[in-house]
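Throughout, read-outs are computed from the coordinates displayed, never taken from laboratory work. The structure presented is a predicted model; accordingly, all values stated were derived computationally and were not measured. Quick reminder, even Gly has a Cβ in these numbers, built from the backbone with ideal geometry, and neighbours come from all protein chains shown.
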Amino acid sequence: MEQTEAAKRTFSTLGWCYVAGTILMNILQVVLIPLVGKFRPEWLQNTDSRLLLSSAIVYVFTLPLIYLLARKMPVTVPERKPVKWWQFLIFFLIGYALIFVSNIAGNIVTFLVGMMKGSQVNNKLLEYVTGGSTWIMLVVMVVIAPILEELIFRKVLVDRTLRYGQGMAVALSGLMFGLFHGNLNQFAYAVVLGAFFAFIYIKTGDIRITIGLHMLVNFMGSVVASELLKLIHYDELLGAIEDPDRMMSLVMENMTGWLLYGLYFLFIMAVVISGIVLMIVHRRKFRLEPGEVQVPADRRIQTLLLNPGMLFFCIMWIALIIWQLFS
């Protein structure tokens, strides 16, 4: 009983650390965005400037604050094991398959929500991918984001909860990573991705592996996807959606782009199918070991979520996601 209460206090403390980061992030958004709109309104009209501003708020202020608040908590670091190149490839294929399938599920839910509210759910990530600079996305989404997000949502969380069991650490990492994305479009696959990366970090003990995987996933989903969408003139296609003749004309004018887009789609399908097959073949390796401190099975959800810090974190982010849906 005493150990369970100590576990609840640990999860609650972590929850409050991430609550503090979330509050800071929202304060900065409320303060900085109107200031930018007043003195540099053109920045808010530019996709790259908006991405840089939002990224600075998260990666320069929010995540470092979370680290500073949580750094003195006791840690249990997973044992480091060597990872061969083919193992890294297997991790990537399985991870991408999980992302692909969960993203489909998330898109279905988002579509249904859009139907209920009578308008399409805004997807900010798609705006950045279709309208942003390739180099800025490369720096922000492929370099900065994976490094800091893996350190804060994998290493910080896993190292501080692993002693209560691998399952508890994986669940916490996935849930908090998914909620922190702050929108329904990304929630489903971010939860799955976060949990999978936490599992990989626990089994390898090397945060560099999940950083590399995260970089590769973001590269394919942002930089490569952005270039292909530009080649097929995606924005123009959206504008001509009610004009079939114009749409056909755009397709014919950009056949090279569509050919590359088709080849990329086939490549993604090969990756996803390979990942699903590998997941089935290696299913017995997806085992989660108990921790040095045993939390009874019937009290794990209560320990993980029903504490002040985590409750506040979850309620706050759910409210922000709902607000984002209707804003």
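Worth a mention:
- CD proxy at 222 nm, helix term only [per DSSP H run n ≥ 4: -39500 (n - 2.57); per residue of the chain; nearest 500]: -23500 deg cm²/dmol
- Calculated from backbone phi, Karplus (6.51, -1.76, 1.60) coupling profile of segment 55-60 in Hz, x at Gly/Pro: 5, 4, 4, 7, 8, 8
- Each listed q (0.11, 0.12 Å⁻¹) maps to a log10 I(q)/I(0) for the chain from the Debye sum over equal C-alpha point scatterers, namely -0.77, -0.92.
- Cα centroid separation - segment 254-291 against segment 27-79, whole Å: 32
- Among the listed pairs LYS155/LYS230; LYS84/LYS285; LYS72/LYS285; LYS8/LYS72; LYS8/LYS81, those with a Cα-Cα distance over 25 Å are LYS155/LYS230; LYS72/LYS285; LYS8/LYS81.
- Sparsely packed loop sites in segment 245-327 (the chymotrypsin sites (Phe, Trp or Tyr not before Pro) outside DSSP H, G, I, E and B with at most 12 other Cβ atoms within 10 Å) comprise PHE286.
- P(r) tail fraction, segment 166-220 - alpha-carbon pairs more than 19 Å apart, %: 25
- Fewest-first sequence of ASP235, ASP48, ASP245 by Cβ atoms within 10 Å of each Cβ: ASP245, ASP235, ASP48
- Spin-label model, VAL77 to ASP243: label points 7 Å out along the Cα-to-beta-carbon direction sit 6.1 nm apart.
- With the Kirkwood sum run over all distinct C-alpha pairs, segment 274-327 has a hydrodynamic radius of 14.8 Å.
- Of interest is the spacing of the C-alpha centroids, which for segment 80-116 and segment 169-202 amounts to 10 Å.
- Note on TRP85 and ILE27: the extension gain reaches 16.6 nm, defined as 0.36 nm multiplied by sequence separation minus the Cα-Cα distance.
- Contact order normalised by residue count of segment 226-306, Cα under 8 Å, 6+ apart, percent: 25
- Cα gyration tensor, segment 223-327 - rounded (a/c under 1.5), prolate or oblate: oblate
- Overall Cα dimensions of segment 230-289 - principal axes, largest extent first, Å: 57, 21, 17
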